[in-house]
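Please treat every number below as a calculation from the coordinates, not as lab data. These figures come from a predicted structure and were not determined experimentally. All Cβ positions, glycine included, derive from the backbone under ideal geometry; neighbour counts span all protein chains shown.
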Amino acid sequence: MEEVLTTGEAARICGVNFRTILRWIDRGLLPAYKLPGRGDRRVLPDDLHRFMRENGIPDRSEVSALPRRVLIADDEPAMAKAIERVLRAAGFETAIASNGFEAGAMLASFKPAVMTLDLRMPGLDGLDVLRFLQKTELATPLKTLVVSADTEERLREALALGAHGVVRKPFANEELLSAVQRMCYAPGATA
């Protein structure tokens, strides 16, 4: 008999909630079948891996390339907590910096793999942090994901200063999580 995956196993491999797997199945995006009499769904590994390749989803069953640690730099406490909730639910270790200076100071001690960075912060803003990173050699690799509602011009400037990706506020939780996961599992990739 061919190996099959439960929706929970498929979710762990993709790094998403099992409800997301169910939505993909319900929308016809991911092939699956129901067990007779129970309604539980099963996914064939080949179908799951094909879906993951087609949608750029990293395989969480492989060893992570970078630590699962994210520094959240945002001066709005509610936004920082929202980002933190999404990432912690997916198994990431997080820390919050409320401004650019604090974020820079925390890089050496926290050693994040990814930093989410708001561009509009008091004191040192996100662009200042990116300029700092251009001049600083860190002990561990760092990917920077700008999470901002700023202008297109400033978002382009952030990318020119070395940001690895951008997620616009307001964001869908899955969009944020997917961008962070791509950065943690594919060292050369951008979001």
Legend entry - Lysine pair number, Cα distance threshold 27 Å (strictly under), the chain, separation 8 or more or different chains: 8
Legend entry - 0 to 90° range, to nearest 10: angle between helix 77-89 axis and the chain longest Cα axis: 40 degrees
Inset, instruction - Please determine, in degrees from 0 to 90 and to the nearest 10, the orientation of helix 173-185 with respect to the longest principal axis defined by the Cα atoms of the chain, where the helix direction is its Cα long axis. - result: 80 degrees
Inset, instruction - Obtain the nm distance between the two label points defined at Leu44 and Glu93 by a simple spin-label model: each point lies 7 Å from its Cα along the Cα-to-C-beta direction. - result: 4.1 nm
Legend entry - Length-normalised contact order of the chain in % [C-alpha pairs under 8 Å, at least 6 apart]: 17 percent
Inset, instruction - Express in nm, to one decimal, how much length is gained between Thr140 and Arg53 on full extension, taking 0.36 nm for each residue of separation and deducting their alpha carbon distance. - result: 28.5 nm
Inset, instruction - Kindly express, to the nearest 10 degrees and within the range 0 to 90, the angle between helix 100-110's C-alpha long axis and the longest C-alpha principal axis of the chain. - result: 60 degrees
